[in-house]
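Heads up: the structure comes next, in structure tokens.
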Amino acid sequence: IEIYSLHVDCKVTSRFAHTVITSRIVNRANESREATFEVKIPKTAFITNFSMSMDGEVYPGIIKEKAAAQNKYDTAVSQGQSAGLVKITDRKLEQFHVSVSIAASSKVTFELTYEELLKRQLRKYELLINVQPKQLVKHFTIDVHIFEPQGIRFLETDSTFLTNELTEALTKVQNETKAHIVFKPTLDQQKKNSELDETLLNGDFVVRYDVKREATAGDIQIVNGYFVHYFAPQEMPVLPKNVIFVIDRSGSMTGRKIEQTRDALLKILQDLRPEDHFGFITFNNKVVEWKSSLLPATQENVASAAALVQTLTARGGTDIDGALLAAVGVLDKAQQLPERSVSMIILLTDGQPTSGERRVEVIQENVQKAINGKYALFCLGFGFDVSYKFLEKMALSNGGVARRIYENADAALQLQGFYQEVATPILMQIEMQYPENSIEGLTKNNFKLLFEGSEIIVSGKVSNELDLLPVEIKAQSHMSNLTLKEEANVKEKEQVFQNQRYIFGNFIERLWAYLTIQQLLEEAISAQEEDQKALDAQALDLSLRYSFVTPLTSMVVTKPQQQEELANKPTEAG
């Protein structure tokens, strides 16, 4: 079985990435063999299309509502058995795997299409292309086109497998608003060494970039009646933060996990700013407050906290409820905090609640009642023994997010990376306002916090009559209340994309659908049951209308012998 051609074709238009992977395989044996198409795609992407072509027949994947029969598939997929075509493989990727029997000397072409909106983190967008052909490929190409009307501020490529030889196969051409990256290694360049037919191509090929920004109310782009508004203000002073770290030191954290947690916390302590206030709560079946009140992040206090962190050991049960309520108590009675500051709780745990209150619904209710919208709660789940669903619902109900920390060598870096994302809040209570009667299907437009290096994205449909789209942004910064205004000329904005050859025409409409589905699914996690059904129904309707494989839909792939297989979107919560 020989893969004689593998093409990854990616077009990024205004952060929206559309990727097509085409693999052509021939069976050189004189009997029928199994041909496999196996690729890893970003977890944040939705598959939109798949087909197999052989002997003049095309076998398309059909996207349908997830059937009830799905449940048994899901369980198997989340446990890593290959009962579906897609499974999560690591913290950024999931794997799509399909195989088909092909006759002697026959060929098959696999084609997979997926789309995603690139998310700005720590001042850059990241386009991740995973490459693992597992053999030498005669015609191998990665072809990336980027068009950013705001202008490209910087662009870099990075890879886990590039050698000096392979770097010669990489070309980059760039002007003000466009970039074209081609990676096309010859057979010789792909080889690990001249004697063996082993490939070097095994790992991630990454394109990172950022766009230019004027110091205004963000950038508005309009195509075919749909608009997207990007807002990431420059050079804003950082809001002081009051942060409480709530650290699990129960028995299951023993060994590597507690060591990695210590390493990460020591680094994080160094990153606190002098105007920040902080506190520590550690818990097993007992909840221990390091100090009864929040302390300013002076050198002395940071050193004293570091000494405590060095002594962290793990044993005992897990009282998540008691620990979180204690954290809220410390924030509630905190004195002399800066008037404009952001208060947050960061919980790190690796298990289920085993002491104190154990019923997760009750813990969620207790915590939400205690926080009452005043503070943001971030939940980090270490490893796979946590109930991720419980942590995710708790975080999303309290203005934060949840993240799984994967138990491998870079766990300490994952923890630090997460902290860096939330370490520098620059705006609070952001309201993005648009003319109500001229916009339909507006995505989320109120945000509690905006962090340095990230970006707010709002999208919707503009009514046909509108010539000018006025925008008003209200927010609280460190020093004052801001009001920013901007007006977009609809016709002029539509012109920007008119003559761009490689843009798929309705990309902002698809971006709007992608963003709406993501937000509906997220909202459903923390909603009451009735509302949850309504949100899921809306998300399902959009998933089917725009043919996205989301957690609510399945792609049915029919093989030549009428055998059906299902491709589903796995979620972190399983």
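The values are calculated or read from the model by the stated rules, or taken from the named source; none is laboratory data. Treat the numbers as computed from the prediction; the structure is a model and nothing was measured. Quick reminder, even Gly has a Cβ in these numbers, built from the backbone with ideal geometry, and neighbours come from all protein chains shown. Accessible surface areas use protein heavy atoms only, side chains included; no ligands, DNA or RNA. Shrake-Rupley method; radii C 1.70, N 1.55, O 1.52, S 1.80 Å.
See the values below:
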| item | result |
| --- | --- |
| Subset of the stretch 519-574 [under 15 Å from Thr48 (Cβ atoms) and among the aliphatic types (A, V, I, L, M)] | Leu542, Leu544, Val549, Leu552, Met555, Val556, Val557, Ala567 |
| Matching residues in the stretch 158-184 - criterion: being in a loop (DSSP other than H, G, I, E, B) and either open to solvent by 20 Å² or more (accessible area, probe 1.4 Å) or aliphatic (A, V, I, L, M) (or both) | Thr160, Leu162, Thr163, Glu168, Ala169, Asn175, Glu176, Thr177, Lys184 |
| Qualifying residue in the stretch 291-306 (condition: of a type in the set (A, V, I, L, M), under 30 Å from Leu482 (Cα atoms) and not in a loop (DSSP other than H, G, I, E, B)) | yes |
| Residue among Gln495, Gln433, Gln500 that is modelled with pLDDT of 95 or more and not assigned by the TED database to the domain that holds Phe46 | Gln433 |
| Index of the failed condition, Leu136 passing every other in (1) surrounded by fewer than 16 Cβ atoms within 10 Å (Cβ to Cβ); (2) part of a loop (DSSP other than H, G, I, E, B) | (1) |
| Any pair with Cβ under 8 angstrom, 6 or more apart, that starts in the stretch 343-361 at a residue that is buried (at least 19 other Cβ atoms within 10 Å of the Cβ) and ends at one that is assigned to a strand (DSSP E or B) and of a type in the set (Lys, Arg) | Ser343/Lys241; Met344/Lys241 |
| Within the stretch 208-240, considering residues that are open to solvent by 20 Å² or more (accessible area, probe 1.4 Å) and among the acidic types (Asp, Glu), the one farthest from Gln498 (Cα to Cα) | Glu235 |
| Residue among Glu300, Glu275 that is among the acidic types (Asp, Glu), in contact (Cβ under 8 Å) with a residue 60 or more places away in the chain and open to solvent by 20 Å² or more (accessible area, probe 1.4 Å) | Glu275 |
| Candidates Leu187, Leu122, Leu128, Leu201 - the one that is under 27 Å from the mean Cα position of the chain (by Cα) and open to solvent by 50 Å² or more (accessible area, probe 1.4 Å) | Leu122 |
| Identity of the residue in the stretch 433-445, in contact with a Gly (Cβ under 7 Å, 6 or more places away or on another chain) and assigned to a strand (DSSP E or B), that ends up most open to solvent (accessible area, probe 1.4 Å) | Glu440 |
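Matching residues to (1) open to solvent by less than 70 Å² (accessible area, probe 1.4 Å); (2) over 28 Å from Leu347 (Cβ atoms); (3) part of a strand (DSSP E or B):
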residue	(1), (2), (3)
Leu415	yes, no, no
Ile426	yes, no, yes
Glu431	no, yes, yes
Phe447	yes, no, yes
Leu450	yes, no, yes
